[in-house]
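Read the structure below first, then the notes.
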Amino acid sequence: MRVIAGSARGIPLASVPGESTRPITDRVKEALFDILGGFVAAARVLDLFAGTGAVGIEALSRGAREAVFVERDRRALATVRRNLAATRLGERATVIAGDAFAYVSRPPAEPFDLIYIAPPQYKRLWVQALQAIDRPGFLAPDGLAIVQIFPKEDEPLPLQHLERSEERKYGSTLLVFYEPKSVGGARW
């Protein structure tokens with residue numbers, strides 16, 4: 001696992017010891033950021049269930065203004081911090097040690113442009129996370145929330161303020177894109 005592009009291009013990222021996380025593969029991460037293109041530049045990013053921090057770090061490397069990493073696992077937190085230090089991107093990062101649901105229960109000081117949700121598999125945590133951010137003020141009006149799940153976890157989800165706009169499958173990884181309903185159609 002490595003940073004694919006930007007200021008930290010090529011820097012290897014540490015993995016979380018054990019099996020408590022499911023890191024995004026370089027192939028899926030590269031495809032994701034190819035889809036996002038210039039959208040990431042100057043974005044405010046939330047990496048929820050951060051794991052290694054690979055998605056938020058990639059966004060920072062590609063010019064994101066800020067990234068907030070939320071993780072409760074001690075080993076994963078240490079890995080995020082180690083990866084931020086290795087990439088020298090820590091000054092634009094905030095690492096929150098705590099429960100993702102406690103974090104999203106409070107309104108953010110400023111809406112996020114990009115929210116990446118990659119919780120542990122088969123616990124429907126992605127559903128709970130999307131429902132928690134499905135309110136005005138959490139995602140910017142032209143923002144994007146992306147869920148990383150195993151394809152068999154996918155299910156229709158009635159939401160008030162967000163709508164599913166796109167999905168991409170890469171082997172055993174499904175990326176599902178959600179936008180505010182006011183946007184009116186997929187941009188991706």
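Annotation for the stretch 84-94: at least one member residue is crowded, with 20+ Cβ neighbours inside 10 Å, outside any strand (DSSP E or B), in contact (Cβ under 8 Å) with a residue 60 or more places away in the chain and hydroxyl-bearing (Ser, Thr, Tyr). Contact map, the stretch 144-161: residues that are modelled with pLDDT of 90 or more paired with residues that are assigned to a loop (DSSP other than H, G, I, E, B) and of a type in the set (Asp, Glu), Cβ distance under 8 Å, separation 6+ or inter-chain. Pairs shown: 159/134; 160/134; 161/134. Of all residues in the stretch 59-77, those that are under 21 Å from residue 120 (Cα atoms) have Cβ atoms under 7 Å from Cβ atoms of residues that are outside any strand (DSSP E or B) and charged (D, E, K, R), 6 or more apart or on another chain, in 67/92; 72/99. Do we find a residue being surrounded by fewer than 23 Cβ atoms within 10 Å (Cβ to Cβ), more than 20 Å from residue 25 (Cβ to Cβ) and among the aliphatic types (A, V, I, L, M) anywhere in the stretch 56-65? No, that holds for no residue. Counting only residues that are within 16 Å of the chain's Cα centre (by Cα), more than 26 Å from residue 12 (Cα to Cα) and without any contact (Cβ under 8 Å) to a residue 40 or more places away in the chain, the stretch 95-107 holds 2 of them. Of the residues making up the stretch 120-139, those that are in contact with a Lys or Arg (Cβ under 9 Å, 6 or more places away or on another chain) and either in contact (Cβ under 8 Å) with a residue 40 or more places away in the chain or surrounded by 12 or more Cβ atoms within 10 Å (Cβ to Cβ) (or both) are 120, 121.
Here's the yes/no breakdown for (1) in contact with a strand residue (DSSP E or B) (Cβ under 9 Å, 6 or more places away or on another chain); (2) farther than 18 Å from residue 97 by Cβ; (3) not acidic (Asp, Glu):
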{"residue": "11", "(1), (2), (3)": "yes, yes, yes"}
{"residue": "26", "(1), (2), (3)": "yes, yes, no"}
{"residue": "35", "(1), (2), (3)": "yes, yes, yes"}
{"residue": "43", "(1), (2), (3)": "yes, yes, yes"}
{"residue": "53", "(1), (2), (3)": "yes, no, yes"}
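Looking only at the stretch 1-14, which residues are touching a Gly at 6+ places or on another chain (Cβ under 9 Å) and either part of a loop (DSSP other than H, G, I, E, B) or of a type in the set (Phe, Trp, Tyr) (or both)? Talk me through it step by step, then tell me what you get.
Taking the stretch 1-14 first, the residues touching a Gly at 6+ places or on another chain (Cβ under 9 Å) are 2-4, 6-7, 13.
Hits for the stretch 1-14 are 3, 4, 6, 7, 13.
The residues of the stretch 1-12 that are touching a residue at least 24 places away in the same chain (Cβ under 8 Å) and either surrounded by fewer than 22 Cβ atoms within 10 Å (Cβ to Cβ) or among the hydroxyl-bearing types (Ser, Thr, Tyr) (or both), listed by number, are 1, 2, 4, 5, 6, 7, 8, 9, 11, 12.
Return the residues of the stretch 24-50 that are over 28 Å from residue 131 (Cβ atoms), part of a helix (DSSP H, G or I) and free of Cβ contacts under 8 Å to residues at least 60 places away in the same chain; say none if nothing qualifies. Of everything in the stretch 24-50, those that are over 28 Å from residue 131 (Cβ atoms), part of a helix (DSSP H, G or I) and free of Cβ contacts under 8 Å to residues at least 60 places away in the same chain turn out to be 26, 30, 34, 37, 38.
The values are calculated or read from the model by the stated rules, or taken from the named source; none is laboratory data. What you see is a predicted model; the values in this text were computed from it and never measured. Using ideal geometry, Cβ is built from the backbone for each residue, glycine included, and neighbour counts are taken over all protein chains shown.
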